[in-house]
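Structure, as structure tokens:
The values are calculated or read from the model by the stated rules, or taken from the named source; none is laboratory data. Everything numeric in this text was worked out from a predicted model, so none of it was measured. A quick note on method: Cβ atoms are made from the backbone with ideal geometry, for glycine too, and the neighbour counts reach across all protein chains shown.
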Amino acid sequence: QNNVPPAKWTYDNIAYMRKQLKSLGFAIDWSRELATCQPEYYQWNQWLFLRMLEKGITYKKTQVVNWDPVDQTVLANEQVIDGRGWRTGALVEKREIPGYYFNITSYAQQLLDDLDKLPGWPERVKTMQANWIGKSVGVRFAFTHTIQDNHSALIDDGKLWVFTTRADTIMGVTFCAVAAEHPLATHAAQSNPALATFIEQCKQGSVMEADMATMEKEGMDTGLTVNHPLTGEPVPVWVGNYVLMTYGEGAVMAVPAHDERDFGFAQKYHLPIKQVVQVSDEIFTELTWSEWYGEKTKGVCVNSGAYDGLHYEEAVDKIATDLKAKALGDKQINWRLRDWGVSRQRYWGCPIPIIHCDSCGDVPVPDDQLPVKLPEDCVPDGSGNPLNKLESFVNCACPSCGKPAKRETDTMDTFVDSSWYYARYASGFPSDAMVDAQTNQWMSV
């Protein structure tokens, strides 16, 4: 955009801002100034990345992400505005991209518990954080099937897994909905051009949960069926634009009589609706559903065979026990929190300290070779990450076997930089550690 190297543009702006702050006469200790784009700072990003890699906290996987086709990079959900990239305005696509992740979900319970250790924090802020972590206690279970892939192997071992907080309504399932990227959807689309087109349309949609809640719910029948785990009855499988592959199992059970979203979807596509919970003497009808729904949250099971007459907790316990006996499910805790994807296909960022070797695979850069320095003379031309074309950066020797290898060209999310600089400010700026003992006198901040 500025047709200058980002380094020059950044350092010029830092100098200009420093001059302004000094002219205002602020009492700032300028000996503690740092810039996260300087190698002496971001080498500790790389060092920490490698320590977390050793402990399994950093890992690599392929996942559906937001993709800006102009900037050619992954975007966080918060960087997608009305379906478009925050910077380019381009329509954001859903793509499966390999990248590195921080396993923050392993700390979900600790994060939730420690909200009670924040004296003086506004309750509304702690509530927002708790909702963001999003603990859900429910049952994970599988519908069974005999659907095979092109190699005559059962897709997902013949199981369609879902998670529900309302296992008491399992006998009211009349269809299942899967995400556009789900293996069953992909398989069905191979012989159904209309479904393939619909799936591509779904992939252009938002992946924000808030958008999912308000968007028009659309779907298409795959023509496939799965078997109810308790009754063996066939259940049709639909692709739904409101199902996220990155949330839970990428599939949901649908109980139109006891879920507002499912009810609207069933009405739109003329799918069966079966009441299996009763909270009063009133008989459920589609005409009175909107009034009845507001008070139906948890009641007594009806039309549910062996579970008739059971209240919510009793029904969930009995159903979970029966599913476990069939090796098709059990109680489980789910979290709204997702692991943090830190890979970005941008030039201006902290290089990820990984080397790709044909013989050794992905090899961590040794500590004595840190920092992996970002070349500061590149001028992006809009055709993607310039590091991919910079042979002097990409080409290197494998630290393990010495053979020719390639550097990782993804860089870290800039929030990695800003997630710990408060501690660096408080330290003595040691050259041999992220922080030192001086930091303790300023903690916690």
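Side notes on the structure shown:
- Residue in segment 379-397 that is touching a Gly at 6+ places or on another chain (Cβ under 8 Å) and within 25 Å of TRP9 (Cβ to Cβ) present: no
- Condition met for TYR421 (of a type in the set (Ser, Thr, Tyr), assigned by TED's automatic domain parsing to the domain that holds VAL74, touching a Ser or Thr at 6+ places or on another chain (Cβ under 8 Å) and buried (at least 16 other Cβ atoms within 10 Å of the Cβ)): no
- Test: residue in segment 4-13 that is under 21 Å from THR409 (Cβ atoms), under 23 Å from the mean Cα position of the chain (by Cα) and of a type outside the set (A, V, I, L, M, F, W, C): no
- Selection status of VAL365, under 30 Å from TRP132 (Cα atoms) and either buried (at least 19 other Cβ atoms within 10 Å of the Cβ) or in contact with an Asp or Glu (Cβ under 7 Å, 6 or more places away or on another chain) (or both): no
- Candidates ALA194, ALA188, filtered to the one that is in contact with a strand residue (DSSP E or B) (Cβ under 8 Å, 6 or more places away or on another chain), in contact (Cβ under 8 Å) with a residue 24 or more places away in the chain and surrounded by fewer than 16 Cβ atoms within 10 Å (Cβ to Cβ): ALA194
- Candidates THR36, THR105 - the one that is part of a helix (DSSP H, G or I) and touching a residue at least 60 places away in the same chain (Cβ under 8 Å): THR105
- Unique residue being crowded, with 18+ Cβ neighbours inside 10 Å, farther than 14 Å from LEU48 by Cα and touching a Phe, Trp or Tyr at 6+ places or on another chain (Cβ under 6 Å) when the list is GLY349, GLY341: GLY341
- Restricting segment 300-354 to residues that are assigned to a helix (DSSP H, G or I) and touching a strand residue (DSSP E or B) at 6+ places or on another chain (Cβ under 6 Å), the residue that is farthest from GLU376 (Cα to Cα): TYR307
- Verdict on GLN278 being polar (S, T, N, Q) and modelled with pLDDT of 90 or more: no
- Per this entry, TRP44 is not counted among residues that are in a helix (DSSP H, G or I) and within 19 Å of VAL379 (Cα to Cα).
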